Each structure stands twice: as C-alpha cells, then as structure tokens.
Amino acid sequence: MAKRQQEKEPVPKTGKTPAEQAPARLTMTASHEPAFYTVGMGGSAGGLEAFGQFFAHLPPNTGMAFVLVSHLDPTHKALLAELLQHSTQMKVTEAEDGMVVRPNAVYVIPPNTDLSIKNGRLHLLEPSAPRGLRMPIDFFFRQLAADQHDKAIAIVLSGMGSDGTLGIKAIKENSGLVLVQDPASAKFAAMPESARNSGRVDVMASAEELPVRLLQFLARAPVPVPVSTVVDDESNTALPNVFTLLRLQTGNDFSNYKPTTILRRIERRMNVHQLDSQAAYVRYLRDHPQEVDLLYKELLIGVTSFFRDRGLFDYLGQTAIPALLSSRADDRPLRVWVPACSTGEEAYSIAITIKESLARSNLARQPKVQIFATDIDSDSISKARQGLFSASIAADVSPQRLERYFVRDGDGYRVGKEIRELVVFAPQNLLGDPPFTKLEIVCCRNFFIYVNSEMQQKLLSLMHYSLIPRGLLILGSAESIGNLGHLFAPLDKKWKVFQRQETARRPILEMSPLHVPREPSPVPPAEKSLPTSTDIPYAAQRALLDFYAPPSVVVNSEGDIVYVNGRTGRYLEPSSGKVNINIFAMARDGLREELVPAFRKAKKDKATVVVSGIQVNCNGSHISVNLTIQPFVEPANLLGTYLLIFEEQAPTPEQNQARKKKATTKRSTASATELEDRLRATQELLQATMEEKEANQEELRSLNEELQSNNEELQSTNEELTTSKEELQSLNEEMQSVNAELRDKLDEQSQTNNDMANLLNGIEIATIFLDSHLCVKRFTPKATRIVNFIAGDLGRPLHDLVTKLKYNRLVEDARQVLETLIPQEAQLQDLDGHWYQIRVLPYRTTDNKIDGVVCTFTEITTLKQAEAELQAARALAENVIATIREPLLILDANLRVVSASRSFYSIFQQNRTATEGRLIFDLGDRQWDIPELRKLLETILPENTTFDDFWVEHDFPRLGPRVLLLNARRVLGNDNQSGLILLAIEDVTKPT
C-alpha cells in the first residue's frame, strides 16, 4: 500500500511533499480573491413584502452581502429578520455592533438605531434626529459608499417619503450601482419615485425582476486591473469617438477628463446594456442618441449635500471668514465663486456660513454678499435656482438652521429668501468659459479629481487670477495645488483651505474658447489655434461695447433699476433719506421732467421713445442729453424691462458763443419771465404728482408688508401642519411595517398551530397541559382514555376531574413540580389493566418563564408484558443452567461475566461477587488470559462465529493441573452489535 501511494504522489523537484506545498497555494489563492459586493437595501411601508419578493427570487450563493435598513417602530421588538428567514436560504441576522459583514448573508437593522459600516464591520449608533425625522436609509447608503466605493450597491424598494434619495447620490459618486423598484409595482411608490426623479438610477424593475438584473450586472462586472493598464489600445480607439459623439450632441468636450474616470463610467453603462466591448458601446451610442444624454449625465454626476464635511464649514465660519472680514478696509461687496455647484447645496451652505459669520461680527457696516454658483449642467442649475429640497436634508442641516433659513414647501424645504437672494446661479463650462474676477473666496471641491493634471494647473492659475490678494481657495479633501505652492499658501491642510499669494512669477493664463463648437468631426490639431469665423465678430463687438457704448440702465416696469452699464453719475444721483433705486427718484433736475412722460409713452406703446436736447443740471452747470427708452422684446426672461440710454451732446461753437454773449448782456423780457413762471408751476405740479405717487407707493408697500406678515403666519401654520403630517406619516410607516410583520407572524403562528394540532393528534402519547393554578389548558385526544374529559373541562382544576388511574398522587406531583421545578416520573396502571409511564414536567415559555405543568402518559402495557415474559424466560434459563453439571459462563460484548452456573462456582471455588461484572481474563489468577482464547472470543459477536474443543491446560490453585475443553456460542440478539456469549467448560483431565 505504501508503495502504491508513493507512485501516485511523487516527491516534487523542490524536495517538498504536496502536503507541504498545499498551504502556500491556499494562501496565494486567498490573497488574490476579489472583494465581494455589499448591497444596501432600503424600504419602508410595504418594504417587508418587497424584501420577501426580492429574496424569494435570489439564489443563496451570489457571493454578495445584503444589509437591510427599514423604518422600524423604536418601541416595538422587530420581527423582520425572523420573517425574512422564510424567504431565503441565506442566514438572516439582526446586526450587532462590530459585526463583520460576510458574503451570502443578510443583516437587518435593529429598531431605534442608525446603522453604519466601516472597514467591512457594522456599527450601531444612537439616532441623532428625533423620531419622525430620521433618515436611516440615507445615513447607511452614505456610509456604505464611503466604505465600499465601487463595491457598493444600493436598492430602494417600497416606502413613503424620500429616504434613500440622497444616499444613492453618494453611491453614484463612488461608482456604485443603484437599483430601484418600479413605482408601478410598489405598494407605496413615494420612495422609488423620489429615487427615480434624482436621475441616478441604473436599473428599474419590479421586486421580482431586480435579482435577475443584479445577477446580470454581477456576471459582467469589470475585473479590477492596475491603473497603468486601463487605457489600452481599445480604449485609445474608442475614447476619441465617444468624445466626438458627446461634443456633437451636448456641445461639451470631455477630452481633458482623466481617461480612467471616463472608462469607469463607460464600463458601467456597458454593464447596464450587457455589451462586451467598447467598440460595441460606441455603435450603441451612434444608434441611440438618448444613451449619449445618459452617458453625459453619468459623467456629470455631482453628488453634493448641505454642509458636506462639517468640520470644513466650522473652520470657515469660526476662523477663515472672520479673519477675512476683519482685514477688509472698504465697503466693496464680498464676492464668492462656487464652480461645479451641482444642485446648489454647497453654495447655499457657504451663504449660510457667511451670513452667520456676519451676524457674529462687530462690523459697523456689513458688506454686500455676492455668491456666483455655476455648473455645466443646466438641469442642475434649474434645480438649484428653485431652492427646493427633499425633507431628507434634515439629516445634514441642524434644526436651528432649518427653522432660520428654510421654509416648508409641501413635503420638502425651500431655501428662504434671505439666503436665496445672496446666490446667483448661472450655467458655465469651467474648462472653457471666462471666470469671475475680484473674488475673495473660490470654493471648488471634488472637481479637480476628474480632470488631468495639465488642466488642474490651468484652472488653479485661473483661480489665482480671479482671487484678490489674500483671497481664499477651498479644494476637496482628495485634491492639492500640485507644484503651484508659490501661488497659494496653506491655511488648513486637513480641509485644504489655501490663501492667494502675491508672487513675481505670474502664472500664464490659457483661456479656452467660450463655447465648444459642435463640429461634424474632430478638429485637426493644427486648426484648433486658428480663430473661427464666429470669434472675430464676437471679439469686435466686445471691443466696441467696451470703448463706445454710452451709459445706460435697465429698469423694470416700475422704474426700479436692475442693471447699470457705464458711468451714469452725470444723469442720476442717490436721493436723500431711505435708499431708493427707483430711476424717477434718482434722476437729476431737468432729466426727471422729461423722463416721466417719455417712460409712460414707451410703456404704453411698447415702442422706442427718443427725447433729444434735455438740459440736465449737473453740479451747477447744464449739459445737453439725448434720452432713448427701448423696451426689451427678447429674450423672454427680459420682457417687461426697459433699456434707458443717455447720450451727452457736445456744445457747438455757435452755442458757446451765444452763451458768452448771454453772460455779458443780461436781458430779461416779460415773456421770458412769464415762461419761467409757467415752467416753475409745471415743475411744482409735477413734483406734487410725484410725491403723491410716492405716497401711494409707500401705502402699497405698507399693505404689502402686512400681506407678507399674514403670509408668514400662514406659512408658519402650514409648517406646523406639515411637521405634524410628517410625524404622522412616519408613524404610519412604522405601523405599516409592524402590521406587515404581525400578519406574517400570525400566518406563521397559524401554520405552527396546525402542525402542533396534527402532531398531538398523531402521536400515541396522552398529554395534559395545566396552567400555574393546575387548571386544564389543553389536552390531546389520547388523554380522554385516562381522564374523562369533555369539551367544557378546559379551565377546570385537575383535582375536580376523575381519572382511571390506580394512582391518587397526580395532583400532588403536579404541585410539587410547579414548586420545585424537578420533573416527576412513575409507572402506574389504570382500572382496565393498562400500564403507563407518567412524566410531570414544568411548562416553560420561549423566554424561559414557568407557566404551568405538562403531564404526559406513555402507554407501556406491551413493554410490561415483554418484561414479564423476559423475566420468566431468564428465570427459566437460570434454572436450566443451574441444573447443568458442566461449568457455564455468560459474557457480554465486552467479555465481562454476566452470570455463571452453580457448577462453575463449585468447581473453580469462586464466589459471585468476585466473578460477575469482571473480565473473564481477570478471574482467578488470570488463568483464562490466553491470547488465542482472547482472539476467538473477540470475534464471536462481531463476526457471528463459534469455536469447539479449545484445549486449555493449567495448574489451578487448590485444584491442581487440569485439562479443559472450551466451547463458545452466541446467544440472544440478531445484529452484530448486541448479544451474549455462552462459554461451556468441560473438564477432560485424565485421572492419575
């Protein structure tokens, strides 16, 4: 055998055996094992049913881990894990603090906790938000995205509210996958619809179809490869084509983005459409223009939230911004630029932070705040302008800030007017459009990580140009300024806050065209630097406007100034008293009288009105001005506004000569005096009219303020009602979950009751259940043979019932068991002669409480009869053996003496105590310890053998030399593991 084994497993050349090499191979395999996916699943009302449908269609060996988060009643014991165990073969466990997440397992959030994950371990946290305002799904999805990155998958199922919407944004930012239940198939569609409206959903299907789509993604998930090998020949061919299609359809160029970033997004879209190659995906893009828009949205994923990185905003509000305010020496506006602002959360967060810093400052005159927030995505800008966010922002914004800076609007929150007026949103391509200038703060976080290093350096140089000296630059935590340390000095290395530095080495600014042209084919490199036909007219128009455009203002229909171009101080001046930007109040003497009728005519006729030769009093002298009032007819957002152009006329030589003559020869005629009087009267009338109009405007403003006050009260009442509605909705969701759990638990209990009833009816053991007062709770049909039970006996004391047993201590035994918790057993007989084994045990509940007594009666009549027959047969056998003269031994399977005949004790002079129970080889002076005899005896029972005439010679004490013949047979038992051995001893010693 050893030789054959050596032929099968030869020693390798290394000199080590295969067994010695096996651990090394095992370790190598484990080290290359890819990380598994962790699936976060969120559901609320109706979620239990959706969870069950999902797992019922999911195989148990997917290699993924599933973590379930739901809205649970914090005061109710959760049954979710127990109920879901019936829908899957995977182990379903309620999460515990520090528990390691394993594949092919399901973890369920406990009640009244927030669930987090760090380094693959689950952590339980005490909820910070009050009941009714908690967003546990958003919280876990964010933690999952930060911990698992592209190995994170989020699934949103049935539920009310919007919990999960912000969380899937974080999943998408980290290249994770998002699946959502089709709202049409959800019992409550609010949560799936909110997730769908976010635009971050990869797959949408019913709960039964989602497992198939998930497994399809898993089967085609890209295998991680080193970054240096990502951009292969196929990518070098496909990427330019993808860039061209994106540029033609969207007008934006992504060639400056990092190829790895683009490729990750492309691979995700390929997995969604089950495409095998990048070339196939390029063909799909050409055939499906809507996919180009989806890829464009995928590339522009801007995941943001209010006060993201809370420590950064604490540093800005407590240190950086107060230092910036204290160093200001003039009243210039505080200008801030937030490029790549996405849907505006970051811009509004900075606005709130600046507002709070200004409120804490002791500045005598607070500066005006101008925040410019831009993004390339026009849809994101539209959402940002609305300032309407879901109720889930309560997880990021403190209750004090929500009350101070937001107002309730339906099921969400809208940014208050005080903050909204500080921020101007505009579409802008950061890689191509001109920047803002004279800025004190630039906040560009988590954008540089997507573009290549060359573009990063250009943008940093551009932002250095945009900032004023000692202005602040805020970058993301994963970004740096590279080799431009001479341009920016770090203020806080942790939060990446830098300060602009003056340097003799000025950076070279490279400005790209304002808009990327949508060309039919890629522009050759040699032609990119040449000016296009549209650039020359545009540049010329800009130069003409800068050098030759006359001063002008844009006003609304009430005359309030909304825009000023050029120097208008010679025609307009601030009025005394309360600041008033109405042009009729700011117009200088001489201009005001002509302005009012001309503006009314332009407003009435909706046509351009020109008034020439207006004499305007400017600092004690008169100037001649031509006024043009032109209504805007396009674009549509400027309808109702008017452009007022002031063109000053230079005096001619004749006019100058006339003025000199008029100065030397003062002439006054009656007609001139009369005209002056009339003019003065007209001016007084006009002034009275204007004062009356201003008074009416003041009354209207007062009325408007009262209406606004009433509106605020109504809004406050509406907010309270909305808050109550949310709390009721949250409680309703919890009740829905509890009701679903209870329904499933009742179904399970009903099934258990049916099984128990059939079990009790099917077994032959009579059972009586007694409560703690020894009253009957339940009995099986077999128990009626022992106690004369009827249906009405339930609840009656046991001592009131008549039994058929010849035993009157049953009640005392039950009471003793209830007091001592020690089970009682007895064998007794009934009046009909039947025997029973009675056992009285304490009744224990699932939570280990004693709630009565259980009495079981097992009929043993047949066993008693067999025992009596066996005792009779044993007595007969013993009598037979006792009458035989030859010595006999009966051995058990271990070769120990069970019994011996009377002749054995007599001949070999042994007693019963020293013989029974001992090994045959230990009897006497071990005269029977013969190896050959031992071998023969050990094979009798296992191999069912016998032996005859085994020769034994021995000099026995007190007997002398003896020659014996031994014969052995198997007796009793039919299998190979039981039975006894009968050993007969015949003395054949020849007499001397």
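Quick notes on this one:
- Note on Thr165, Thr862: ascending count of other Cβ atoms within 10 Å places them as Thr862, Thr165, the fewest first.
- One chain, two ends: Glu692 and Glu421. Fully extended at 0.36 nm per residue, the span grows by 94.5 nm beyond their Cα-Cα distance.
- Inter-label distance, nm, simple model (7 Å from Cα along the C-beta direction), His149/Val898: 7.4
- For segment 764-820, applying the loop criterion from DSSP together with a ceiling of 11 other beta carbons within 10 Å to the chymotrypsin sites (Phe, Trp or Tyr not before Pro) yields no site.
- Each of Thr62, Thr503 was scored by other Cβ atoms within 10 Å of its Cβ. Arranged with the fewest first, they read Thr503, Thr62.
- For segment 363-466, fraction of C-alpha pairs farther apart than 21 Å, in %: 50
- Under 5 Å, built H, 5+ apart or other chain: amide partners of Lys91: Val106
- Model label sites at Asn556 and Arg743, defined 7 Å from Cα along the beta-carbon direction, differ in position by 5.3 nm.
- Gained length - Arg680 relative to Arg264, 0.36 nm times residue gap less alpha-carbon distance: 142.0 nm
- Pairs with C-alpha atoms separated by more than 30 Å, drawn from the list Lys169/Lys417; Lys172/Lys368; Lys91/Lys187, are Lys172/Lys368.
- A straight chain from Gln865 to His622 at 0.36 nm per residue would run longer than the Cα-Cα distance by 73.5 nm.
- Links that overshoot a 19 Å alpha carbon limit, given the list Lys297/Lys383; Lys458/Lys494; Lys777/Lys849; Lys603/Lys693: Lys458/Lys494
- 12 Å cut-off, amide nitrogen to a point 7 angstrom out along Leu794 Cα→Cβ, residues in segment 746-777: 776-777
- Note on segment 763-859: Cα-only Rg and Dmax are 12.5, 41 Å.
- Expressed to the nearest 5 percent, the antiparallel share of DSSP beta bridges inside segment 315-500 is 45 percent.
- Rg and Dmax, both from the Cα atoms of segment 315-500 and both in Å, are 16.3, 50.
- Cβ-to-Cβ counts within 10 Å put His799, His954 in ascending order as His799, His954, the fewest first.
- Hull-based mean projected area of segment 327-383, where the convex hull spans the alpha carbons, in square nanometres: 4.3
- Compactness of segment 877-987 as Cα Rg over 2.2 N^0.38 Å, two decimals: 1.01
Bear in mind that the values in this text are calculations on the coordinates, not laboratory data. The structure presented is a predicted model; accordingly, all values stated were derived computationally and were not measured. Every residue, glycine as well, gets a Cβ built from its backbone with ideal geometry; the counts of neighbours run over all protein chains shown.
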